[in-house]
Amino acid sequence: MRQRFFYLFVLATLLVSCSGGKVKYRIGISQCSEDIWRDKQNAELRMGAYFHDNVELKFAAAYDSDERQVQQIDSLMNDGIDLLIVAPNQVQTISPAIDRAYDKGIPVIVFERKTSSQKYTAFISADNYEMGRVMGEYIVEKLKSLKIEEGHVLEIKGLEGSSPAIERHNGFMDAIKDAPGIKVVGSLQGDWTEPTAYESTKQWLLNNKDVRVDLVFGANDRTAMGARKALANSKLYTLNSTLYCGIDGLPGENGGIQLVRDSLLDASYIYPTHGDQIIELAVNILEGKPYEKETMLMSALVTRDNAKVLLMQSEELMRQADRLDLLHDKADNYLHKLDVQRVVNWLAIGVIILLLVAIVLFYLYHLSKVNIRRERVVNNLWNLGSTESIELTENTEKPTAIADIPEEDPKKETEPLFITRFREVVERRMTNSELSVEDLAAEMNLSRVQLYRKVKALTGSSPVELLRIARLNRAYQMLLTTDKNVSEVAYDVGFSAPAYFTKCFKDEFGMVPGEVRKSS
């Protein structure tokens, strides 16, 4: 009975949250990377938004690139977000972009990782120093209980320059510095990923074959597992001769809790995500309600004594979250049908007829426009060496084709050859996401200014614009002729971020990449 009341309450809440209306708050979320921890947090952020009217979330992931995260934060600002939620990749490098958002009057919530600036509205995270300290104390007691006279510990650190890596290391070192019989035989630099931890440990083992390792402390569970695989493959250690401890304690398949339960890790520490709590904080700030400037989330140590119970609880919560998603979708679908029914009931016959005519005309116009655009792309868009003009949409400047250049121009005989060479260079190197105008100019034996002036004079467009058009054209062809997904196509043609590729594609062709195959 109690469970039925719970689902009735959730359904009622979702019915309210799914009601139609104009978006009131646009919240930008800048994640420093993309991994299973952040996937879980993003799901919780979306779940938290279900319970608030008129909240739109815009996600961006920097994939551990400082430059990309700075660009994404600036882009979110330009899109008119009302609040920024950001996990900085590194302490120093992301601060200027966050400061720009704050100075622009946009509230900023810094979560999980700190910056070197005080220009933020609120900070929410778990205590990374405390995690490192507690794990250090656990390691001291564990080695003591095994009666190891001098415990040799190998540490694999997190991404250099990120606040969690710095604080976890400091907490760990402070916990063991006065402990008798504990020796750190190596402190290797990692980047939170398992492959890097594996390679770093493998290289260390080659140079320290005679050094015993009793326990590995990884800054997160993935680094601990990478070290475990390296030691196992080295044949210098048996699987049971060394203990492994990490941090994150994620639920689910191959998460830290399961790894502890299955004795692959000796211990982990839950690094809470709490995306729903972050959204609650964001809405309180936007609505002018009281909030805490600094919020430290609760966490807990995971050992073999409690891993099984924690895993069962986490699996139950995940099932409830899946059901909540399903309820939201059903409620949203119901309200959509209800809105349509109301329109049908209240609109007069004449208004309905006019509306249908308008819809049909708009559909036919849009369909013809898409077909014309696709035909242009397939036949003309990158045909710079043609004697025909390149047609663009009515809202863009029309570039000058080679046939339109005045005959009295003394360079007219060399211009087709120049355009052909430029097109070949662009098409040969467009897959390189780091390709710059300087690179194109160097290959054409010109300075950057010379290349810009000549291309602009011949086509009416800049080299950067033509490079983007060439990439989008090839992407269009790949979407029509291959079964690659949108992200694969984006990377294949030189875009470093699928979201930016989708934006450029829609600006150029009037539709998102996924609609190409539907309309073909």
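Between residues in the range 413-432 that are surrounded by fewer than 17 Cβ atoms within 10 Å (Cβ to Cβ) and modelled with pLDDT of 85 or more and residues that are part of a helix (DSSP H, G or I) and among the aromatic types (Phe, Trp, Tyr), which pairs lie under 9 Å by C-beta distance while being six or more apart or on different chains?
Sorted first by the residue in the range 413-432, then by its partner, the pairs are Thr431/Tyr491.
Name the residue, out of Ile85, Ile81, Ile148, that is of a type in the set (A, V, I, L, M), assigned by TED's automatic domain parsing to the domain that holds Ala175 and either over 24 Å from the mean Cα position of the chain (by Cα) or not in a helix (DSSP H, G or I) (or both). Reasoning before the result, please.
On the way: Ile85 fails: assigned by TED's automatic domain parsing to the domain that holds Ala175; Ile81 fails: assigned by TED's automatic domain parsing to the domain that holds Ala175.
Just a single option satisfies the conditions, and that option is Ile148.
Where residues in the range 472-520 are in a helix (DSSP H, G or I), among the basic types (Lys, Arg) and within 22 Å of the chain's Cα centre (by Cα), which of them is surrounded by the fewest Cβ atoms within 10 Å (Cβ to Cβ)?
Filtering first and then ranking leaves Lys506.
Taking the range 91-114 only, how many residues are among the polar types (S, T, N, Q) and assigned to a helix (DSSP H, G or I)?
The qualifying residues number 1.
Report, ordered by the first and then the second residue, all pairs with beta carbons closer than 9 Å, sequence separation of six or more or different chains, a first member in the range 241-262 that is over 13 Å from Met225 (Cβ atoms), and a second member that is at pLDDT below 90 and of a type in the set (Asp, Glu).
Final answer for the pair search is Pro251/Glu315; Gly252/Glu315.
Any residue that is modelled with pLDDT under 95, assigned to a loop (DSSP other than H, G, I, E, B) and under 26 Å from Lys147 (Cβ atoms) - is there at least one of those in the range 218-234?
No, the conditions are met nowhere in the range 218-234.
Can we say Leu15 is modelled with pLDDT of 90 or more and part of a helix (DSSP H, G or I)?
So Leu15 fails the test.
Out of everything in the range 49-82 that is among the charged types (D, E, K, R) and within 23 Å of Leu281 (Cβ to Cβ), what residue ends up being surrounded by the fewest Cβ atoms within 10 Å (Cβ to Cβ)?
My answer is Asp79.
Does Val283 qualify as being out of contact with any helix residue (DSSP H, G or I) (no Cβ under 6 Å at 6 or more places or on another chain) and either farther than 30 Å from Lys24 by Cβ or of a type in the set (A, V, I, L, M, F, W, C) (or both)?
Working: out of contact with any helix residue (DSSP H, G or I) (no Cβ under 6 Å at 6 or more places or on another chain): yes; either farther than 30 Å from Lys24 by Cβ or of a type in the set (A, V, I, L, M, F, W, C) (or both): yes.
Considered against the rule, which asks whether it is out of contact with any helix residue (DSSP H, G or I) (no Cβ under 6 Å at 6 or more places or on another chain) and either farther than 30 Å from Lys24 by Cβ or of a type in the set (A, V, I, L, M, F, W, C) (or both), Val283 comes out as yes.
Please go through (1) within 21 Å of Asn128 (Cβ to Cβ); (2) surrounded by fewer than 15 Cβ atoms within 10 Å (Cβ to Cβ); (3) at pLDDT below 95 for Lys183 and return the number of the only condition it doesn't satisfy.
(1)
The values are calculated or read from the model by the stated rules, or taken from the named source; none is laboratory data. Predicted, not measured: the structure shown is a model, and the values here were computed from it. Please note: Cβ atoms are built from the backbone with ideal geometry, for glycine as well, and neighbour counts cover all protein chains shown.
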